[in-house]
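The values are calculated or read from the model by the stated rules, or taken from the named source; none is laboratory data. Predicted, not measured: the structure shown is a model, and the values here were computed from it. Note: ideal-geometry Cβ built from the backbone for every residue, glycine included; neighbour counts use all protein chains shown. Ligands, DNA and RNA are excluded from the accessible area calculation, which covers all protein heavy atoms including side chains. Shrake-Rupley method; radii C 1.70, N 1.55, O 1.52, S 1.80 Å.
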Amino acid sequence: MTAARLTLPSPAKLNLMLHILGRREDGYHELQTLFQFLDYGDEITFAVRDDGVIQLHTEFAGVPHDSNLIVRAAKMLQQQSGCALGIDIWIDKVLPMGGGIGGGSSNAATTLLGLNHLWQLGWDEDRLAQLGLSLGADVPVFVRGHAAFAEGVGEKLTPVDPEEPWYLVLVPQVAVSTAEIFSDPLLTRNTPPIKVRPVPEGNSRNDCLPVVARRYPEVRNALDLLGKFTEAKLTGTGSCVFGGFPSKAEADKVSALLTETLTGFVAKGSNVSMLHRKLQSLL
Ligand SMILES: C[C@](O)(CO)[C@H](O)COP(=O)(O)OP(=O)(O)OC[C@H]1O[C@@H](n2ccc(N)nc2=O)[C@H](O)[C@@H]1O
Ligand SMILES: Nc1ncnc2c1ncn2[C@@H]1O[C@H](COP(=O)(O)OP(=O)(O)OP(=O)(O)O)[C@@H](O)[C@H]1O
């Protein structure tokens, strides 16, 4: 018998704005942020095994097997569901690590949803999102799969439907540690909460930008370059910088000007994640 096998996308996200409202006692920060997905990401292949072993076959530079968010997500789900099955996993990794486009969190969410399907656990999204939150603040939005205005540490989600432009995402060759940016004394932590819904136009600031730009000249360069063509923004804590364009052709035109030292990619913004579109097609 061939083992049940499934390949699923693991998309990137952008933070279209990010305000930091304060710091909680546990050190985490209260945020208001707008998440949108990109039709661009990794691909993860899963094959069920019946001996309970969880094995990721793709090596990640600098990330030990058991620290990988894919393996941690799989083990946590196996343990909490009491499932006796195991899984073989391979990933085609295209998302940069430490880029602020949520690669690790997205991989964890794809693993949770993929294994829920293959192991036939029948967990609902609420339960998967709650488990996901213990793996990272960004995991729940990837589990839900809809563009969202997020509050709390990123877990209180209200679905939204912003425009879906084409984006050019620049990938400076530097990994930014999220924890490092959130512990910088110069970080703005007192932005007043936006109380009006939907969030009014003009709130596109990212409070992490001044700190990241100060620490990373590569990010400054990317902001300067893209800023010549469109409003250039930082996603999450960086390092990636993005800007919207009305068509793919216009995004491609600017992308063609990139050099070897500053690469990037063009992708469509999407309010329903490609993971959820694929899962829907399996039902
Ligand atoms: C900044 C964002 O990228 C916005 O999307 C995310 O909120 C970060 O989410 P993430 O990468 O899943 O973050 P986690 O792995 O949960 O946290 C990494 C580190 O960032 C800091 N952190 C993260 C999220 C948050 N709301 N407040 C924080 O202070 C904490 O020091 C934490 O140790
Ligand atoms: N499957 C994974 N993919 C990427 N990174 C992982 C994974 N598992 C563990 N990590 C670790 O998590 C760190 C952050 O990776 P990630 O790609 O999620 O960063 P990010 O895009 O900045 O995330 P965010 O936007 O959520 O802050 C990596 O540097 C790596 O050490």
- Task: With the Cα gyration tensor of segment 57-196 in hand, give its eigenvalues times 5 under a square root as the equivalent ellipsoid semi-axes, listed largest first in whole angstrom.
- Result: 27, 20, 15
- Based on the mean of other Cβ atoms within 10 Å per residue, sort peptides 183-193, 43-53 so the most packed one is first. 43-53, 183-193
- Message: Rounded to the nearest percent, how much of the accessible area of the chain (1.4 Å probe, protein heavy atoms only) is carbon and sulfur?
- Response: 51
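Going by average Cβ neighbours within 10 Å, how do the peptides 71-77, 263-269, 197-203 rank, with the highest at the top? Don't jump to the answer; show the numbers that get you there.
On the way: 71-77: 21.4, 263-269: 19.0, 197-203: 10.7.
Packing order, densest peptide first, comes out as 71-77, 263-269, 197-203.
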- Take the chain, connect every pair of alpha-carbon atoms lying under 10 Å apart with a spring to form a Gaussian network, then pick out the residue of 63, 241, 272 with the largest mean-square fluctuation. 63
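Would you rank 28, 167, 40 by solvent-accessible area, highest first, keeping every protein chain in place and using a 1.4 Å probe? Provide the component values of the computation, followed by the final result.
Working: 28 125, 167 10, 40 65 Å².
Result of the area sort, largest leading: 28, 40, 167.
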- Query: Just how far, in whole angstrom, is segment 19-38 from segment 227-250 if you go by their alpha carbon centroids?
  - Reply: 21
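Quote to one decimal, in nm, the extra length available between residue 283 and residue 260 on full extension: 0.36 nm per residue of separation minus the C-alpha distance between them. Each step should come with its number before you reach the end.
Working: separation 23, 0.36 × 23 = 8.28 nm, distance 4.27 nm.
Here the answer is 4.0 nm.
For Cα pairs less than 8 Å apart in space and 6+ apart in sequence, what is the mean separation divided by the residue count of segment 138-283, i.e. the relative contact order in percent?
Values: 197 pairs, mean separation 52.7, N = 146.
Here the relative contact order equals 36 percent.
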- Using the Kirkwood radius built from alpha carbon pairs, what does the Stokes-Einstein equation give as D for segment 166-269 at 20 °C and 1.002 mPa s, in µm² per second? 146
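Just need the Rg to Rh number for the chain, please, alpha carbons only, Kirkwood Rh.
Numbers: Rg = 18.7 Å, Rh = 19.3 Å.
My calculation puts Rg/Rh at 0.97.
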- Task: Compute the accessible area per residue over the chain, keeping the other protein chains in place, probe 1.4 Å, unit Å².
- Result: 46
- Added length on full extension, which subtracts the Cα-Cα distance from 0.36 nm per residue, residue 205 to residue 164: 12.9 nm
- Query: What residue among 218, 59, 260 has the largest mean-square fluctuation in a Gaussian network model of the chain, using Cα springs under 10 Å?
  - Reply: 260
